[in-house]
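Q: After the structure tokens below, expect a handful of questions from me.
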Amino acid sequence: MPTFRILSLVIALVAAASAGGASAIGEHKLEIVASNYPLAYFAERLAGPWATVILPAPADVDPAYWRPDAKAVGAMQKADLILLNGADYEKWRAHVALPRLKTVDTSAGFRDRFIRIENAVVHSHGPAGQHSHEGIAYTTWLDFDQAAQQAEAVAKALIAKRPELKTAVLDALRSLQADLSGLDGEIKRIAAVKPNLPLMASHPVYQYLARRYGLNLKSVHWEPGEMPPEKEWTELDKTLAGHPAKTMLWEARPAAAIADKLGAKGVASAVFDPCANRPEAGDFLVIMKQNVENLRTSFQR
Amino acid sequence: MRHDFYLAWRYLRHHRTRTLILVLCLSLIAALPLGLHRVLDAGEYWMTRRAEATPLLVGARGSAVDLTLGALYFSEAGVPSIRMQEADRIAATGWADPLPIYARYRVQGQPLIGVTLDYFDFRGLVPAQGELPAILGDCVLGADVAERLGLGPGDTLASSSGNAFDLAGTYPLKLHVTGVLAKAHSPDDHAVFVDLQTAWIIEGLGHGHAETQAAPTQPDSPFGAATVRRADAGLLTYTEITPENLGSFHFHGDPATYPISAVIALPHDARSATLLRGRYLDDKSATEMIRPLDVTRGLLENIFRVGALFDGILLLVVAIAFLLVALVFALSLRLRQREIETIYLLGCARLAVMRLLFAEILLIALLAGAVCAAVLYTAAPHASDLARHFILS
């Protein structure tokens, strides 16, 4: 009986100590700011309950064209970790003062493999104003191997901040990388069925996707909600004559009138959402799985 | 005995001018060396404290003293610049965190220091008013600068051009004060801090300018090239960064080649520090790594050598002063011969006269001691400032 009592006491003490430890970590939650949703998702998966992940760009704005004001910069300065996509994604970076030691450029590991875009077209995104994609292609995470490297960079930064979480973060990283690797393998298999299948894209944001999976992709500069002018349809006809694509990839579902007009030309619309901002429903993995399914349908067409 | 002091006090009060001069002379003779030592001690404390807090410093190969004084104490002499890639090189080793510093410019006589925000965390600098710089063109003031210039959050001040004969035209930039740092009792109190990128804008490496055609034309073909016509950069370069023109500010060239004065390296542990120092052993390298504490100790040794010389001279001056005081007393006794005779005639012993004189000397010494203590007490809070002014700056 005394042995049982001692054992109970020891178990109770251990339980109390672990509860205390957990609450101690909970009290000092890491505050992480991510410049886009893929990074926020990676951080949420890797840091779990030990961090609060903030995506400062408003929900209705593409984070690539968002510019933080002084208040947003002040909030970023107070964070424990600032995750940047790099590859010229954060064009505001040169205009603000951020702590260098808290900032992590998650794509720095494959900087030598960035895709440079020359002679890009200037175009508008409705009220967001005009912009050009000239410079470096920035949707790095659409190459899921690169996404896995970015996730690893996030994990390293987390471990450097909280070495005591190393095991948990590495476990979560393995799980996340397995998911990304699954997506990577799936698209490779889809693309391998019909190599060089001509595809169109509504926006020049799929450069890394095309390179990684060998997609034969040409881009226009169309917005899902804006009917392109007639001369752009004429240019599309000319492009289709030499590049007979049967699918156009869109960042979001296009307006019915655009989809119908495309359909009349024998081009179906398929959504491949880069998921740069937090989705209304689901998460990064759900959206990417849906993208893969949409791509599979396109290749079966 | 009580009567001796009463008589002595009455005598000193009667000859108050002579007493005052004697007290002042003696108190100052005592206060001078003690005060000097206090200033030297304060100088040693501040120099050592700042150097101890700065483990390693990387800068242009040359004078280690100049590098330390320039990067740690923001001395006016300045140091030759190195490139930003030096900070990247340190970060790439994974052994230390780099803190680049650019201390080339001055604004209204105060050092203008370009840093990354990590510097404030490293030195424990927090804003007492307002916020730290957030956007290009923002600055934060050290406590003493804010007091001296009478500026606070919301005010502006213009950076001074680096060189009056600069034909490339580095225009003064209107800096927006976003905050005032809490008093740190260090050279940081005398500095104006900007983000490193703002310092490079002042340098002329980045700028913002108006475009002749604000709205670029849509190309005829969706696959055509962008046609954006920009104004000649020399025509209208902004001298103030506002939310409206912020987007037009850009840098030219590779930021890794941009100038900085030094890099403070914060090694993760002793092994990392040793490995990192090993990287800078090559004498042919354009940069060197120093331990500011070693440099500061060497500098302090020189200062204390000079201090010891001062001590010797002061000792001699004190001895001469005391001889002069003794002479004053001896002459005073001669002048008081008739007074002493009267004391004898009144029936006092010779010892009584001696006691009276002793009481006078003791009262003068006590008064001088009190004045000396008051002077030292009044000057004590300024010892640090004097040390920083005469030793650190």
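Q: Could you tell me whether region A:239-260 includes any residue that is closer than 28 Å to A:Gln150 by Cβ, within 14 Å of chain B (Cβ to nearest Cβ) and out of contact with any Lys or Arg (no Cβ under 6 Å at 6 or more places or on another chain)? If you could, list the steps in order and put the result at the bottom.
A: Of the residues in region A:239-260, the ones closer than 28 Å to A:Gln150 by Cβ are A:247-253.
Okay, now just the ones that are also within 14 Å of chain B (Cβ to nearest Cβ), so A:248.
Still in the list and also out of contact with any Lys or Arg (no Cβ under 6 Å at 6 or more places or on another chain): A:248.
So far as region A:239-260 goes, yes, one or more of its residues are closer than 28 Å to A:Gln150 by Cβ, within 14 Å of chain B (Cβ to nearest Cβ) and out of contact with any Lys or Arg (no Cβ under 6 Å at 6 or more places or on another chain).
Q: So how many residues does region B:125-151 have that are in contact with a Phe, Trp or Tyr (Cβ under 8 Å, 6 or more places away or on another chain), assigned to a loop (DSSP other than H, G, I, E, B) and either aromatic (Phe, Trp, Tyr) or within 14 Å of another protein chain (Cβ to nearest Cβ) (or both)?
A: 5
Q: I've got another one for you. Name the single residue that is nearest to the chain's Cα centre (by Cα) among those in region A:222-257 being under 22 Å from A:Val61 (Cβ atoms) and buried (at least 17 other Cβ atoms within 10 Å of the Cβ).
A: A:Glu251
Q: When region B:269-309 is examined, which residues are found to be within 23 Å of the chain's Cα centre (by Cα) and open to solvent by 60 Å² or more (accessible area, probe 1.4 Å)?
A: Hits for region B:269-309 are B:Arg291, B:Asp294, B:Arg297, B:Glu301, B:Asn302, B:Phe304, B:Arg305, B:Val306.
Quick grid of which residues meet (1) open to solvent by 20 Å² or more (accessible area, probe 1.4 Å); (2) among the basic types (Lys, Arg):
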position: B:Leu36; (1), (2): yes, no
position: B:Glu44; (1), (2): yes, no
position: B:Gln85; (1), (2): yes, no
position: B:Trp95; (1), (2): yes, no
position: B:Arg104; (1), (2): yes, yes
position: B:Val107; (1), (2): no, no
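Q: Restricting to region B:97-124, give me the number of residues that are farther than 19 Å from B:Ala60 by Cβ and in a strand (DSSP E or B).
A: Filtering region B:97-124 down to residues farther than 19 Å from B:Ala60 by Cβ leaves B:97, B:106-110, B:112, B:116-124.
Keeping just the survivors that are in a strand (DSSP E or B) gives B:97, B:106-107, B:110, B:112.
Matching residues across region B:97-124 total 5.
Q: Could you run through region A:200-221 and say how many residues are away from every other protein chain (no Cβ under 14 Å) and either within 17 Å of the chain's Cα centre (by Cα) or open to solvent by less than 40 Å² (accessible area, probe 1.4 Å) (or both)? Spell out the reasoning first.
A: Looking only at region A:200-221, we keep the residues that are away from every other protein chain (no Cβ under 14 Å), and these are A:205-216.
After this cut, where a residue has to be either within 17 Å of the chain's Cα centre (by Cα) or open to solvent by less than 40 Å² (accessible area, probe 1.4 Å) (or both) as well, the list is A:205-213, A:215.
Number of matching residues: 10.
Q: Taking the condition in contact (Cβ under 8 Å) with a residue 12 or more places away in the chain, within 14 Å of chain A (Cβ to nearest Cβ), within 22 Å of B:Val79 (Cα to Cα) and not charged (D, E, K, R), does B:Ile264 pass?
A: For B:Ile264, the condition - in contact (Cβ under 8 Å) with a residue 12 or more places away in the chain, within 14 Å of chain A (Cβ to nearest Cβ), within 22 Å of B:Val79 (Cα to Cα) and not charged (D, E, K, R) - is met.
Q: Still on this structure, I have one more. Any idea which residue in region B:239-257 is nearest to the other protein chains (Cβ to nearest Cβ), counting only those that are under 19 Å from B:Pro100 (Cα atoms) and open to solvent by 40 Å² or more (accessible area, probe 1.4 Å)?
A: Only one residue tops the list, namely B:Phe251.
Q: Quick one: which of A:Asp105, A:Asp69 is at pLDDT 95 or above and within 22 Å of B:Gly206 (Cβ to Cβ)?
A: A:Asp105
Q: Let me ask something else about it. Can you pull out the residues in region A:265-299 that are open to solvent by 40 Å² or more (accessible area, probe 1.4 Å) and either within 11 Å of the chain's Cα centre (by Cα) or within 19 Å of A:Leu240 (Cα to Cα) (or both)?
A: If the condition is that a residue be open to solvent by 40 Å² or more (accessible area, probe 1.4 Å) and either within 11 Å of the chain's Cα centre (by Cα) or within 19 Å of A:Leu240 (Cα to Cα) (or both), then A:Lys265, A:Gly266, A:Ser269, A:Asp273, A:Arg278, A:Asp283 are the ones that fit.
Q: Given (1) within 14 Å of chain A (Cβ to nearest Cβ); (2) in contact (Cβ under 8 Å) with a residue 12 or more places away in the chain; (3) hydrophobic (A, V, I, L, M, F, W, C); (4) surrounded by fewer than 21 Cβ atoms within 10 Å (Cβ to Cβ), where does B:Ala91 come up short, assuming only one miss?
A: Just one mismatch for B:Ala91, condition (2).
Q: Sticking with this one: Tell me whether region B:316-328 contains one or more residues that are farther than 25 Å from B:Phe5 by Cα, open to solvent by less than 90 Å² (accessible area, probe 1.4 Å), in a helix (DSSP H, G or I) and not assigned by TED's automatic domain parsing to the domain that holds B:Val23.
A: The answer is no; no qualifying residue exists.
Q: How many residues does region A:141-175 hold that are in a helix (DSSP H, G or I), of a type outside the set (Asp, Glu) and either closer than 16 Å to A:Pro49 by Cα or open to solvent by 30 Å² or more (accessible area, probe 1.4 Å) (or both)?
A: So the count comes out to 19.
Q: Starting from region B:355-367, keep only residues that are open to solvent by 60 Å² or more (accessible area, probe 1.4 Å), then list their pairs with residues that are modelled with pLDDT of 90 or more whose Cβ atoms are within a distance under 6 Å, requiring at least 6 positions of separation or different chains.
A: B:Leu367/B:Val23
The values are calculated or read from the model by the stated rules, or taken from the named source; none is laboratory data. A quick note: this is a predicted structure, and the numbers were derived from the prediction, not measured. Cβ atoms come from the backbone with ideal geometry, glycine included; neighbour counts cover every protein chain shown. When the accessible area is computed, the model is the full protein with side chains, heavy atoms only, and any ligands, DNA or RNA have been set aside. Shrake-Rupley method; radii C 1.70, N 1.55, O 1.52, S 1.80 Å.
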